[in-house]
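Down below is the structure, laid out as structure tokens.
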Amino acid sequence: MIINSNTQIVGVQTPAVKYAAENLRRDIQKVCNKTEVFGCQIVLEEQALEKECFCIRKRENSMVIQASDELGFIYGIYEISRTFLGVHAFWFWNAQEFVCKEEIAIPDDYLFYSKPFRIKYRGWFVNDEVLIHTWMVDREKDKPWEMVFEALLRCGGNLVIPGTDLNARKYAVLASKMGLIVTHHHAEPLGAEMFARAYPDLNASYDQYPEKFHGLWRDAINRQKDRKVIWNLGFRGQGDRPFWMDDIRYQSDEARGKLMSELIQRQYDMVKEMDANAVCSTNLYGETMDLYKKDCLKLPEDVIKIWADNGYGKMVSRRQGNENPRICALPEKKEEANGIYYHVSFYDLQAANHITMLPNTPEFVKRELMEVLERGGDDFWIINCSNVKPHVYYLDLIAQLWKNGDIDIEQHRKEYVENYYGLEEAGQIIERLKEYPHYTAAYGKEEDEHAGEQFANHVVRILVTQYIKNHEKRSEELLWATKGKTLAEQVQWYQAICGKAAASYQEYLRKCRMTEAVLNGKAQELFRDSLFLQVRIYYHCFQGAFLVCKSLSEGFQENYQAAFYQAGKARKEYLKANDAMREQEHGKWYGFYENECLTDIKQTAWVLQGWMSYLRTLGDGPHYYQWQREYLYSEKDRRVMLILNMENHLQDQELFELMEAKLDGGK
């Protein structure tokens, strides 16, 4: 029995199964050359199997996929694609290369029964989705989202928050059509329209407008009642923050918990009135977990309680501004329905990773998630996958955990690299990937306090902004990280970390360059697009941050010309990091990083451009001729002051380039 270009798929029943079947047909055409030879049929057949499970067996000249439900068939279809065609879960995101064949033989004794997943509800939150928000594939704006949902299904996911705010409402339709259960952002209960968007001229206060909130919730239920939904219950403010920040009437934990408890119960009742068997959840996140642990929040018994990591993979409460209590955020009662919201990507304007991989080890991630399982957190896992592409390795790792409840880290890393890079190229890449978290910068003493690329960008902007506003005062925004009493002390603290990080990443980058040089073809291209790119981002950003610290230190000494020069060199490093991203936008990736606006490396360069102008004002203003004469004129011309300047005043960048050429040969 063989699969070839003439293989047909029959017995398709629902639109979601049809989606998967069409993808399998696409995969067959991608892998198999056209032929006149007859191929086997792939037959879908209902059978009384456990929910979401499937069996694949041979029968005469057919491969039969047996399942009892939609997802069982979908998983069975993708299992054939993986096992026989070699199409892996992240084939699109890792630009997997396929070697075409005439046909693929099926072993005579082939029989496969799938096992139930270790986690009941499992999926991704497509959050902070600024890259895929503007990027198009084949000139189709929805295609990236389709590829996200396909990858999730191939990973065995069954649940998704399909974007944030307007995106979530838009792409919930596509996610449902592809067979996924939809759930909601913790700041958007029931997936309802935000009050501030529906009523922009009104104060978003429940006490003032209860019926308007009820109406939004009712509309959301009616809009989604024909879909598979896990209904998220809760009540936050309009800016993903505690509601009492917008309503000062609630000043005590008791008052806050009482209102939230009442509103969650009302939402629960509204959903259950529509469907008595509806599944509901609520996020114990930030202030909600604090109220729950203080016994100020009462929840219906069968609501899934979703605990959350701190954004860095540690199951403790997240840092909020300068407050970081690190309260344990793990389920306490195994008999209760519990789940987690876990990040492989996070955005906090402090130190997280968004366009690079999680800076903590896979062993650390496994340990945290295994403890979640030991505490009974196996009902619901939602993973913040961000824009997918930078995070595929950790997403693949967690998918193995939600499938099996355990993972061999070394074996998984080997299989991951071999699947996407090929057997011949695997050795060095495995080593480079293994080294990644060990080169990351530590900004604190806790095991999870390793810096993502935001640390080398947001902290720079904080320090420079504070200097311009008032350099005699420290930045209050950095008290989460350093207790330095002056801005100068904060800069010294930051410089020590960034200098060490830049040196570390320089060594790592050297290793990656050596690996990249010996790779060939698609393996080399993928390495450049993924790990190598991320190391380049880290090196240039931390080198830039280190130079900013030198610039600030010169500024404290009123050596404004030296400060200007160091700022110019720092700006170049950030532009190199941004250029590194844009250089990898080949083929279908064209424009992928164009809207990189959260870490926003190019904005750091823009802030430094303003910092250079500020320093030039301090050191060369108000007439702006002295520095120009010093670097543009010869010694004899510079000393003759009959006319201050014979040329137009140079722009800051033009002046910096003159300085750079004279001081270090333009390096």
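Brief remarks follow.
- Evaluated against (1) under 17 Å from Tyr285 (Cα atoms); (2) under 14 Å from the mean Cα position of the chain (by Cα), Thr356 falls short on exactly one condition, (1).
To keep it simple, each residue is scored yes or no on (1) open to solvent by 10 Å² or more (accessible area, probe 1.4 Å); (2) over 21 Å from Ala451 (Cβ atoms); (3) under 22 Å from the mean Cα position of the chain (by Cα).
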site	(1), (2), (3)
Asn360	no, no, yes
Leu369	no, yes, yes
Arg375	yes, yes, no
Leu401	no, yes, yes
Lys414	yes, yes, no
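- Taken over the stretch 265-298, residues that are free of Cβ contacts under 8 Å to residues at least 40 places away in the same chain and not aromatic (Phe, Trp, Tyr) amount to 10.
- Residues of the stretch 323-359 classified as small (Gly, Ala, Ser) and part of a strand (DSSP E or B), total: 1
- Residues located in the stretch 591-609, provided they are open to solvent by 40 Å² or more (accessible area, probe 1.4 Å) and either charged (D, E, K, R) or in a helix (DSSP H, G or I) (or both): Glu594, Lys602, Gln603, Trp606, Gln609
- First in the stretch 73-90 and more than 17 Å from Phe54 (Cβ to Cβ) and open to solvent by 20 Å² or more (accessible area, probe 1.4 Å), second anywhere and basic (Lys, Arg) and part of a helix (DSSP H, G or I), Cβ under 8 Å, 6 or more apart: His88/Arg82; His88/Arg154
- Criterion applied to Tyr505, Tyr539 was being open to solvent by 30 Å² or more (accessible area, probe 1.4 Å), in contact with a helix residue (DSSP H, G or I) (Cβ under 7 Å, 6 or more places away or on another chain) and either of a type in the set (Phe, Trp, Tyr) or on the phi > 0 side of the Ramachandran plot (or both), and the one residue passing it is Tyr539.
- Residue in the stretch 185-192 that is among the charged types (D, E, K, R) and either closer than 15 Å to Lys228 by Cβ or surrounded by fewer than 19 Cβ atoms within 10 Å (Cβ to Cβ) (or both) present: no
- Pair list, Cβ < 6 Å and 6+ apart or interchain, from the stretch 471-485 residues that are of a type outside the set (A, V, I, L, M, F, W, C) to residues that are open to solvent by 30 Å² or more (accessible area, probe 1.4 Å) and not in a loop (DSSP other than H, G, I, E, B): Ser475/Gln466; Thr482/Trp493; Gly484/Trp493
- Ala567 fulfils the conditions (1) part of a loop (DSSP other than H, G, I, E, B); (2) of a type outside the set (S, T, N, Q); (3) buried (at least 16 other Cβ atoms within 10 Å of the Cβ) except for a single criterion, (1).
- The combined condition, being aliphatic (A, V, I, L, M), at pLDDT 95 or above, assigned to a loop (DSSP other than H, G, I, E, B) and within 30 Å of Glu425 (Cβ to Cβ), is not fulfilled by Ala48.
- Residue within the stretch 301-320 that is in contact (Cβ under 8 Å) with a residue 60 or more places away in the chain, open to solvent by 20 Å² or more (accessible area, probe 1.4 Å) and not charged (D, E, K, R) present: no
- Test result for Gly157, out of contact with any Phe, Trp or Tyr (no Cβ under 6 Å at 6 or more places or on another chain) and within 21 Å of Leu71 (Cα to Cα): yes
- Looking across Lys588, Lys550, one residue alone is in a helix (DSSP H, G or I), out of contact with any strand residue (DSSP E or B) (no Cβ under 9 Å at 6 or more places or on another chain) and touching a residue at least 12 places away in the same chain (Cβ under 8 Å). It is Lys550.
So that you can scan it fast, the table gives a plain yes or no per residue for (1) under 30 Å from Ala517 (Cα atoms); (2) crowded, with 22+ Cβ neighbours inside 10 Å; (3) not aromatic (Phe, Trp, Tyr):
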| site | (1), (2), (3) |
| --- | --- |
| Ala426 | yes, no, yes |
| Asn457 | yes, yes, yes |
| Val464 | no, yes, yes |
| Lys469 | no, no, yes |
| Gly499 | yes, no, yes |
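- Remark: Phe527 matches the filter, which requires a residue to be in contact with a Leu (Cβ under 6 Å, 6 or more places away or on another chain) and open to solvent by less than 10 Å² (accessible area, probe 1.4 Å).
- When Ala481 is tested against (1) in a loop (DSSP other than H, G, I, E, B); (2) open to solvent by less than 10 Å² (accessible area, probe 1.4 Å), only condition (2) is not met.
- In the set (1) farther than 15 Å from Trp589 by Cβ; (2) modelled with pLDDT of 95 or more, Gly521 fails one condition alone, (2).
- Residue that is nearest to Phe98 (Cα to Cα), among those in the stretch 428-449 that are open to solvent by 50 Å² or more (accessible area, probe 1.4 Å) and of a type outside the set (A, V, I, L, M, F, W, C): Gln428
The values are calculated or read from the model by the stated rules, or taken from the named source; none is laboratory data. Keep in mind it's a predicted model, so treat the numbers as computed, not measured. A quick note on method: Cβ atoms are made from the backbone with ideal geometry, for glycine too, and the neighbour counts reach across all protein chains shown. Quick note on the areas: whole protein, heavy atoms, side chains included, nothing else; ligands and nucleic acids left out. Shrake-Rupley method; radii C 1.70, N 1.55, O 1.52, S 1.80 Å.
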